[in-house]
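Single-structure report; data block below.
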Amino acid sequence: MKKSLLFIALAALPLSACGYSVMDAAEDISGSDNGLANGSKIETTASTTGAFTKVEGIGPDNIVFVVGDSFTIKAEGTLEAVETLRYKLDDGAIRIGRTKGKWFGEGAKPATITITAPFLSKASLAGSGNFAADTMEADELDLEIAGSGSIKVGTLSGRKLETNIAGSGEAILAGKVEKAKYSIAGAGEVNATKLVSTDAEVSIAGSGDLKLNATGTVDVAIAGSGDVDVTGGAKCTTSKMGSGNVNCS
């Protein structure tokens, strides 16, 4: 009975496991508002934006976050790709994407968008784009991937971190937090061996793999063939259904 409940709970994970889902992204790109056509154009020279503490990337483009005193945005890429880039500010988040339409040739190539802000607490991706940051520092940190994108953060610092992947995305993380929560639905991968946490909670539904470092306690739940490797000396509690493995050392 316990295993049946575990399977049902993990299978019920939302396809995005995050507040901004693949369905939301699809509506933005193909909806009646013509994607992000009514957003602000992203120029190749830095321009000032309103304040934000979160970023949402939609589509194939790459986002780089740099800590700075002001809020700015700029783009690099082919002329055709840059022409389609837009952003919107909504409820403390800067949403970055493209106008509706067919992207082909030079316009299909990923662009790179650099944003600056004093700090960033959340990064979300929907699609195949990437997000990179040297540093993210906040009391509560949130990383989300819906699709095949990747997130790389050199130093995370905070009390709590939540990382959600739906699809085949990848997260490579380092730094230190008190508590970490990881959720993978699909074939995603998380490498957090250089991210030290005291306690951690892990949920995998599918074939996703996770490597983490914890020193206190780790609760692991797997439904499927996913694998979890824990280093750091934490005490592990495991519930699993399927061929997945948990190694705790």
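Observations
- Exactly one residue out of Leu125, Leu120 is farther than 21 Å from Lys41 by Cα and surrounded by 24 or more Cβ atoms within 10 Å (Cβ to Cβ), and it is Leu120.
- Checked against the criterion of being polar (S, T, N, Q) and out of contact with any Lys or Arg (no Cβ under 7 Å at 6 or more places or on another chain), segment 71-88 contains one or more residues that satisfy it.
- Lone unmet requirement of (1) more than 27 Å from Ser243 (Cα to Cα); (2) within 13 Å of the chain's Cα centre (by Cα) for Thr155: (2)
- Some residue of segment 128-137 being in a strand (DSSP E or B), on the phi > 0 side of the Ramachandran plot and assigned by TED's automatic domain parsing to the domain that holds Ala171: no
- Qualifying residues in segment 204-249 (those that are under 21 Å from the mean Cα position of the chain (by Cα) and not in a strand (DSSP E or B)) - the one farthest from Ala192 (Cα to Cα): Ser207
- Thr99 vs. criteria closer than 18 Å to Glu43 by Cβ, modelled with pLDDT of 95 or more and not assigned by TED's automatic domain parsing to the domain that holds Asn191: no
- Close Cβ contacts (under 6 Å, 6 or more residues apart or on different chains) running from residues in segment 80-93 that are farther than 13 Å from Ile42 by Cα to residues that are surrounded by fewer than 18 Cβ atoms within 10 Å (Cβ to Cβ) and of a type in the set (Val, Ile, Thr) comprise Gly92/Thr53.
- For the criterion of being over 22 Å from the mean Cα position of the chain (by Cα), modelled with pLDDT under 95 and exposed (fewer than 14 other Cβ atoms within 10 Å of the Cβ), Gly31 passes.
- In segment 173-195 there is at least one residue matching the filter, namely being hydroxyl-bearing (Ser, Thr, Tyr), without any contact (Cβ under 8 Å) to a residue 40 or more places away in the chain and under 26 Å from Phe52 (Cβ atoms).
- Ala221 being in contact with a strand residue (DSSP E or B) (Cβ under 8 Å, 6 or more places away or on another chain), in contact (Cβ under 8 Å) with a residue 60 or more places away in the chain and surrounded by 22 or more Cβ atoms within 10 Å (Cβ to Cβ): yes
The values are calculated or read from the model by the stated rules, or taken from the named source; none is laboratory data. Just so you know, these numbers come straight off a predicted model, no measurement behind them. Here the Cβ is made from the backbone with ideal geometry for all residues, glycine too, and neighbour counts use every protein chain on show.
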